[in-house]
1. Can you give the extra length, in nm with one decimal, that the chain gains between Glu250 and Trp229 once fully stretched, where that is 0.36 nm per residue apart less the Cα-Cα distance?
2. Mind listing the phi-derived Karplus ³J(HN,Hα) values for the stretch 168-178, rounded to whole Hz, using 6.51, -1.76 and 1.60 with θ = phi - 60°, and x for any glycine or proline?
3. Of the accessible area of the stretch 76-228, with the probe set at 1.4 angstrom, what percent is carbon plus sulfur?
4. Which residue, Phe137, Tyr111, Ala148, has the largest displacement toward the positive end of the dipole of the stretch 61-171 when charges sit on each Cβ (Lys, Arg +1; Asp, Glu -1)?
Amino acid sequence: MLSGSGDVWGGTVGARSGRGARGTVAGLLAAALVSLACAGGGLAEPEGERQAPQQSQASPGPGTTRADSTTSVAEFEQDVADAQAIAERYWAAQFKASGQRFQPVRRITPYQREGEVSCGGEPLPRNNAVYCSRGDFIAYDVRWSVAAFREVGDAFVFYLLGHEYAHAIQVRLGINYSFTIQQELQADCMAGAYLGDSVRSGALTLADGDLDEFREGLAAVGDDPDQPWFAEGSHGTAEQRTESFFRGYERSLEACDLG
Ligand SMILES: [Zn+2]
């Protein structure tokens, strides 16, 4: 379907930035999303291009970049907080329904400097984000994430938080597949279920185009077609990831093989 290059974002991005930034933005996005998806305490380096966020941002005026806007950071963090609240409510209800106690993820931490946050003694580098199972927290480089999400749209924040949160749920349920790809596709399915169920319950309202945003975002984060499915760090092809997400979105957790 996709090769992870700029095909998905090309039109919009090129038009907005006027710099033909197709590959750059797609690379930035892929790096953001791939590394966000890395979980379980592993601190895999982001894949794709490493770019400072402002390099791929459309400039609103000379000498300024949107990535530097405190407003955009605040908005992004508000979206993260909203997504966190919805995820916590959702999983608390699921656990309660099966008679189990639910422990929310300990914290969700933005950081700006290399080494500001560590996971299991390993400092988190800039331009990264992870779910750290050792400390039971999610951490992300805030400026870099904001830059990426300005391009993909706000709805996708809800997917990503949901995907990371799903890794925390897997840990709580003792789910530990042999292959990364199984763990990742299940997390995509669980992210779909939390979103679909939250929309159905009225806890979350999607705007026009949000479903397309999920679809396009998932297409952009698929593995390179040459990546062996059994390789450490595999997340699934664009098709697999999209299928898993929407299976959960449409059919809820029963579709996610939680056992
Ligand atoms: Zn993941």
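The values are calculated or read from the model by the stated rules, or taken from the named source; none is laboratory data. Because the structure is a prediction, the values reported are computed rather than measured. Positions of Cβ are generated from backbone atoms using ideal geometry, with glycine treated the same way; all protein chains shown enter the neighbour counts. SASA here: full protein model, heavy atoms, side chains in, ligands and nucleic acids out. Shrake-Rupley method; radii C 1.70, N 1.55, O 1.52, S 1.80 Å.
1. Contour length minus Cα-Cα distance gives 5.1 nm.
2. Using θ = phi - 60°, the values come out as 5, 5, 4, 4, 5, 8, x, 7, 8, 6, 6 Hz.
3. Carbon and sulfur together cover 44 percent of it.
4. Value: Phe137.
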